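Take a look at the structure set out below.
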Amino acid sequence: MMLIIAGMTFREVLSKKIFYIVLVLTAMFLVVYGIALHFAVQDINKWGGVRNIQARLIFSQLLSLGLYFSTFMVALMAVFSTVGSVSGEIETGTIQAVIAKPLKRSELILGKFLGYTVMMLSYSIVIYLGILGITFISTGYEPSGLFSGLTSFLLIPLLLLVVSLCGSTFLSTMANGIMVFMLYIIGMVGGMVEQIGSMIENTALVNIGILSSLVMPSDALYRKMVFGLLTGPDNPVTAFNPFSTMYPPSGIMTVYTIAYLLIVLFAAIRIFNRRDI
Amino acid sequence: MVIKTEGLTKWYGNKLGCRDICLSVSEGQVFGFLGQNGAGKSTLVKMLVGLIFPTSGRAEILGRPLGDREVKKRIGFLPETFRYQEWLTGYQLMKFHASLYKMPGSAGRERIEEVLQLVRLKGHEHYKIRTYSKGMQQRLGLAAALLPDPDLLILDEPTSAMDPLGRKEVRDLILKLKSAGKTIFLNSHLLSEVEVVCDHVALIKKGRIIAGGSIGELKAGKIEVEMIIGNYNDVINRSLAEKGYKPWRENERVMVTVDSRDKIPVIAEIVINNGGSLYRLTPLHNSLENLFLELMQEGGENDADHCRDDLQGSA
C-alpha cells in the first residue's frame, strides 16, 4: 500500500509543469556556475593553478558559493513540492475517496514521504555531483570528505520535506508554506549568528545559534557539509567567507537531525491518524 | 444488519454535525438519507467511511466496528465532492483505485472494463480527468466506487452533476444493484430519485433524525387534497386553519393536507358551510417531496446552526 501511494506521489510530481521548469532552471544554474568558474579559472591559473594557496582559497570560495545556492534550491524545492501534500488533497477533496479505501492513514503518510524522498534525493544528488563535478573539471580542485558532505547535503531536503509533510497534516497549504519557510530562515539566521558569536567569542550569540539549530538543523547541516568539504588534510585552508564556516557543528548534530526527522515523521502520522477530513 | 448506528454524534468543536443518530440498514435495502443542506447528512456518511471520527456513540458496518480494513474492502464510496487526481487519465485512476482495493492485475483490468461500461465512460478512459465534464467525473467516481463489487455502496449525492439522462441511468443502475442483493446507502436532495429507488428512508433535521421508516409507512396517513373553490374567502381560509388544516394556494387551486380519508368530507363541509362553491375536490397521492417539505418547514433553522452551549442549555 505504501509503495502504491509512493508511486502515485512520484507520478504526481512528474505530472506538474513546475517540476520541468525547475529542472530547466537547475540546468541553467549549473551552466551559469560553470561559465563563471571557467572565466575565474582563466585569471587564477596565471597565479600558478590549483597548487597555489591563494588560488585554492578562491576556488574553495567559489565552491562554497555554488553549494550555498544549491542548498537553497533543494530547500525551496523540498518545501514547495510538499507544502500541500496532505492539506492540498484535503482542500480539493481528492483524499476522500482514498481514505475510504482499505488503507491505513499511516501508510498514506509513509507512502507520500517515500515518494517525495526518492524524488528529492535524486534531484539533490544531481545538483551536488553537478556542482562538485563542474568545480573539479574547471579548476582541478578536489574537496575532501565527498561522501559525508553528500550525507549532510541530502539530510537538508529530507528534513524540510518531513517538516513540510507534517505541517500539511494540520495546517492549510498557505500557512504551512509560511511556517516551514520561516523555520528555514530561523535556522539560517541562527547559523550566521552562531558563526559571528564564535568569531567574537560571545557565548550568548553562540547559544542563540545552537538553539535555532535545534529548532531547525538545516543550516547546521549545511555548515557541517561545507566545513567537511573545504577543510581536512587535503585542504588545510580554512576558507572563511559568508557562505563557508570556521566553526562546524559536531557529529552529534547528524544524529540529532536523524532523531528529529523520525520524531517529526512520527508526529505527522499521529496527527493525521486523528484528523477529521 | 449492514449498517447499525447507536447514538452516533459528531461535534465540530462547539458546532453540531449530527446528534444521537440511530439507524439500522439491513441487507439488500436501498436506504435514502434525506435532509437539507447542513442538516448533517454528509457528516454521518463521513463517519461511516472513516473520514471523520464520532464524538460519541457507536456504529457497526457489516458486523465490524467503523474503520475495519477488511470491511472497507467491501464498501464502495462516492464522495459528494467527487474530486479526483485530474492529472491522471480515467483509466489510470481506476488502476490506482483497483490497487488500493488490492485487486490483482488481470481481475482488476477486467473489472475496470466492466465498471467503465456500466457508467458509460468506455471510450473516454484514456483522456485526462481534467478534460472530463463534471457529470463525467461523477460517473468516474461511481465507477471507482463500484470497482470491488461492494456489498455496501455509499453514495453521497450521486447525481448532483448529471443531466436528466445521467440521473435516469444512475437510478436504473441502483435498481439493478438492488436486484443483485447489494445494500445501498443514498444521501440525496433529489426526493423524486429517492422515492423511486429507496425502500427505506430517514429524514435528518437539525442534526437529528426526525422521521424514518419505509416509504409506504411515511406516506401513509397523509393525504393531500386539491380543491377548486368558487367564492373562496377569508372565512373558509380561517375555518380550515382553525381546524388545523393549513390551506395554501397554488394558482386557482386550494390545497390542504389531511391525516386520513375520514377528514375529506369535513373539509368539504367547511368550504360549503362558509359560502364556498366546491367545483372539484381531488384527494392526491401524497409525494415524498410534500412530506419532506412539511417536516422540514416545521421548526425553523437547523440545530447545526447553534453552538454546543446553546443546545446543552436548552436540553
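Observations, loosely collected:
- Residue within segment A:28-45 that is open to solvent by less than 50 Å² (accessible area, probe 1.4 Å), more than 14 Å from chain B (Cβ to nearest Cβ) and polar (S, T, N, Q) present: no
- Matching residues in segment A:1-13 - criterion: being in a helix (DSSP H, G or I), farther than 14 Å from A:Phe80 by Cα and among the hydrophobic types (A, V, I, L, M, F, W, C): A:Met2, A:Leu3, A:Ile4, A:Ile5, A:Ala6, A:Met8, A:Phe10
- Check on B:Glu114, under 18 Å from A:Glu89 (Cα atoms) and either more than 14 Å from chain A (Cβ to nearest Cβ) or in a loop (DSSP other than H, G, I, E, B) (or both): no
- For segment B:73-89, filtering for residues that are at the interface with chain A (Cβ under 8 Å from one of its Cβ atoms) and among the hydroxyl-bearing types (Ser, Thr, Tyr) leaves 2.
- Enumeration of residues in segment B:80-111 that are within 25 Å of A:Lys16 (Cα to Cα) and in a helix (DSSP H, G or I): B:Gly90, B:Tyr91, B:Gln92, B:Leu93, B:Met94, B:Lys95, B:Phe96, B:His97, B:Ala98, B:Ser99, B:Leu100
- Residue within segment B:147-155 that is over 14 Å from B:Leu78 (Cα atoms), surrounded by 17 or more Cβ atoms within 10 Å (Cβ to Cβ) and over 22 Å from the mean Cα position of the chain (by Cα) present: no
For every residue, the table says whether it meets (1) among the aliphatic types (A, V, I, L, M); (2) within 10 Å of chain A (Cβ to nearest Cβ); (3) more than 20 Å from B:Ala161 (Cβ to Cβ); (4) in contact (Cβ under 8 Å) with a residue 40 or more places away in the chain.
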site: B:Gly7; (1), (2), (3), (4): no, no, yes, yes
site: B:Tyr12; (1), (2), (3), (4): no, yes, yes, no
site: B:Gln36; (1), (2), (3), (4): no, no, no, yes
site: B:Asp68; (1), (2), (3), (4): no, yes, yes, no
site: B:Val71; (1), (2), (3), (4): yes, yes, yes, no
site: B:Tyr91; (1), (2), (3), (4): no, no, yes, no
site: B:Ser106; (1), (2), (3), (4): no, no, yes, no
site: B:Arg109; (1), (2), (3), (4): no, no, yes, no
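- Screening the candidates A:Tyr260, A:Tyr247 for the property of being modelled with pLDDT under 80, among the hydroxyl-bearing types (Ser, Thr, Tyr) and out of contact with any Phe, Trp or Tyr (no Cβ under 7 Å at 6 or more places or on another chain) yields one hit, A:Tyr247.
- Flag for B:Leu121 being more than 13 Å from chain A (Cβ to nearest Cβ), crowded, with 23+ Cβ neighbours inside 10 Å and not in a helix (DSSP H, G or I): no
- Screening B:Arg130 against (1) touching a helix residue (DSSP H, G or I) at 6+ places or on another chain (Cβ under 8 Å); (2) surrounded by fewer than 21 Cβ atoms within 10 Å (Cβ to Cβ); (3) within 12 Å of another protein chain (Cβ to nearest Cβ); (4) over 27 Å from B:Ile3 (Cα atoms) leaves a single unmet condition, (1).
- Residue within segment B:177-188 that is under 17 Å from B:Asn290 (Cβ atoms), at pLDDT below 90 and crowded, with 19+ Cβ neighbours inside 10 Å present: yes
- Any hit, segment A:13-22, residues being surrounded by fewer than 14 Cβ atoms within 10 Å (Cβ to Cβ), of a type in the set (A, V, I, L, M, F, W, C) and within 14 Å of another protein chain (Cβ to nearest Cβ): yes
- Residue match in segment B:264-283 (condition: part of a loop (DSSP other than H, G, I, E, B), touching a strand residue (DSSP E or B) at 6+ places or on another chain (Cβ under 7 Å) and modelled with pLDDT under 90): no
- Tabulated pairs, segment A:162-175, first assigned to a helix (DSSP H, G or I), second among the β-branched types (Val, Ile, Thr) and open to solvent by 10 Å² or more (accessible area, probe 1.4 Å), C-beta under 6 angstrom, 6+ apart or interchain: A:Val162/A:Val264; A:Val163/A:Val264; A:Ser164/A:Val83; A:Cys166/A:Val264; A:Thr173/A:Val83
The values are calculated or read from the model by the stated rules, or taken from the named source; none is laboratory data. None of the values given here were measured: they were computed from a predicted structure. We place every Cβ from the backbone using ideal geometry, glycine too, and count neighbours over all the protein chains shown. Just so you know, the surface numbers come from the protein's heavy atoms only, side chains and all, with ligands and any DNA or RNA stripped out. Shrake-Rupley method; radii C 1.70, N 1.55, O 1.52, S 1.80 Å.
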